[in-house]
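Novice: Sharing a structure, written as structure tokens. Questions coming.
The values are calculated or read from the model by the stated rules, or taken from the named source; none is laboratory data. The model shown is predicted, which means the values in this text are computed figures rather than measured ones. Note: ideal-geometry Cβ built from the backbone for every residue, glycine included; neighbour counts use all protein chains shown.
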């Protein structure tokens with residue numbers, strides 16, 4: 001999964017990684033993306049990380065904000 005690769009050496013703690021992973025899954029589900037090898041999943045993962053770095057902790061909110069970034 002794209003987000004695991006990006007978070008591998010990121011310095012985020014386990015709780016943060018769990019929240020971002022949950023948000024990533026929610027976002028993929030919302031976009032109906034099932035092919036985890038689709039290059040677009042990298043873009044989604046980067047947006048998830050970007051939103052999480054603002055301090056947002058709620059995976060559903062991270063998902064919503066990442067979707068906003070994708071649609072901008």
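Novice: Does residue 25 fit the bill of being surrounded by fewer than 16 Cβ atoms within 10 Å (Cβ to Cβ), farther than 15 Å from residue 68 by Cβ, at pLDDT 90 or above and under 9 Å from the mean Cα position of the chain (by Cα)?
Specialist: Yes: the conditions hold for residue 25.
Novice: If residue 36 satisfies every condition in (1) assigned to a helix (DSSP H, G or I); (2) in contact (Cβ under 8 Å) with a residue 24 or more places away in the chain; (3) more than 17 Å from residue 68 (Cβ to Cβ) but one, which is the exception?
Specialist: Status for residue 36: all satisfied but (1).
Novice: Would it be correct to say that residue 41 is under 9 Å from the mean Cα position of the chain (by Cα) and farther than 14 Å from residue 60 by Cα?
Specialist: Answer is yes for this residue.
Novice: I've got another one for you. So which residues in the range 39-72 are farther than 19 Å from residue 18 by Cα and either in contact with a strand residue (DSSP E or B) (Cβ under 8 Å, 6 or more places away or on another chain) or assigned to a helix (DSSP H, G or I) (or both), if there are any at all?
Specialist: If the condition is that a residue be farther than 19 Å from residue 18 by Cα and either in contact with a strand residue (DSSP E or B) (Cβ under 8 Å, 6 or more places away or on another chain) or assigned to a helix (DSSP H, G or I) (or both), then 40, 68, 69, 70, 71 are the ones that fit.
Novice: Can you pull out the residues in the range 4-17 that are surrounded by 12 or more Cβ atoms within 10 Å (Cβ to Cβ) and either over 16 Å from residue 44 (Cα atoms) or at pLDDT 90 or above (or both)?
Specialist: 10, 12, 16, 17
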